[in-house]
Amino acid sequence: MSRILVATTNPGKVAEYQAILSDTDIQLLGLREVGVDFEVDESGQTFEENARLKARVYADASGLLTLADDSGLCVDALGGAPGIFSARYGPDPASRIERLLVEMADVPDESRIARFVCIIALAEPGGGTHTFEGVCEGRIDRRPKGTRGFGYDPVFYLPEYDLTMAELPLSLKNEISHRARAAARLKAWLVENSSQP
């Protein structure tokens, strides 16, 4: 059985990835399980730089194949903001949504284009790093709707479903979200490369 370190102290995120990889022989471990207790400063300028940085540092510290991700919301009318600062756009989720809606108050509906982006980096100890991108396109709604999900989900509107991300059934969100799409690419790569001699 292959072991992969997930660069997080959040057991929920480890479980989420384990569910995605449940039909493989890969065992996922969190940072606490391998005795790694330091944080990496996310000093990159892009999602990819931050994901690569975390994966590389933890892979070298642990000696294990390591998975790290970075993700966020990019809004065209705001020049790509909040981007890599999505989790720091306010002190809590409600404040972040409120700030976003205030900044977009005068933006017409047709220009409220946005996307969730997730980059997963997989680093080999002392070796290379592979990245996998997932994107989910949508628009910023004018008010929050729905109670599922987290973060910006209540204002991220998906025209093809006529629902916000927070109104979607969880099973559908787990198929179409940016993280799900990046993880599907990661899984395909892991399956392909584990079968090679």
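The values are calculated or read from the model by the stated rules, or taken from the named source; none is laboratory data. What you see is a predicted model, and the numbers here were worked out from it, not measured in a lab. Heads up, the Cβs are rebuilt from the backbone with ideal geometry, glycines too, and the neighbour counts pull from every protein chain shown.
Can you tell which of Arg88, Arg142, Arg112 is of a type outside the set (Ser, Thr, Tyr), out of contact with any Leu (no Cβ under 8 Å at 6 or more places or on another chain) and at pLDDT 95 or above?
Exactly one of Arg88, Arg142, Arg112 is of a type outside the set (Ser, Thr, Tyr), out of contact with any Leu (no Cβ under 8 Å at 6 or more places or on another chain) and at pLDDT 95 or above, namely Arg112.
Confirm whether Val6 is of a type in the set (A, V, I, L, M, F, W, C), modelled with pLDDT of 90 or more, farther than 27 Å from Ala188 by Cβ and buried (at least 19 other Cβ atoms within 10 Å of the Cβ).
Working: of a type in the set (A, V, I, L, M, F, W, C): yes; modelled with pLDDT of 90 or more: yes; farther than 27 Å from Ala188 by Cβ: no; buried (at least 19 other Cβ atoms within 10 Å of the Cβ): yes.
Here the answer is no, as Val6 does not meet what is asked.
Can you tell me which residue within segment 165-197, out of those that are over 27 Å from Tyr152 (Cβ atoms) and among the hydrophobic types (A, V, I, L, M, F, W, C), is farthest from the chain's Cα centre (by Cα)? Spell out the reasoning first.
Of segment 165-197, the ones over 27 Å from Tyr152 (Cβ atoms) are 188-197.
Keeping just the survivors that are among the hydrophobic types (A, V, I, L, M, F, W, C) gives 188-191.
Values: Ala188: 17, Trp189: 18, Leu190: 18, Val191: 21 Å.
Filtering segment 165-197 for residues that are over 27 Å from Tyr152 (Cβ atoms) and among the hydrophobic types (A, V, I, L, M, F, W, C), the one farthest from the chain's Cα centre (by Cα) comes out as Val191.
Looking at (1) touching a Phe, Trp or Tyr at 6+ places or on another chain (Cβ under 7 Å); (2) within 16 Å of Leu5 (Cβ to Cβ), which one does Pro125 not meet, given that it meets all the others?
(1)
Picking from Ala184, Ala114, which residue would you name as being in contact (Cβ under 8 Å) with a residue 24 or more places away in the chain and under 30 Å from Gly63 (Cβ atoms)? Reasoning before the result, please.
Working: Ala114 fails: under 30 Å from Gly63 (Cβ atoms).
Only one candidate qualifies: Ala184.
Say we look at segment 69-98 and pick out the residues that are farther than 22 Å from Lys13 by Cβ and of a type in the set (D, E, K, R); which of these is farthest from the chain's Cα centre (by Cα)?
Here the answer is Glu98.
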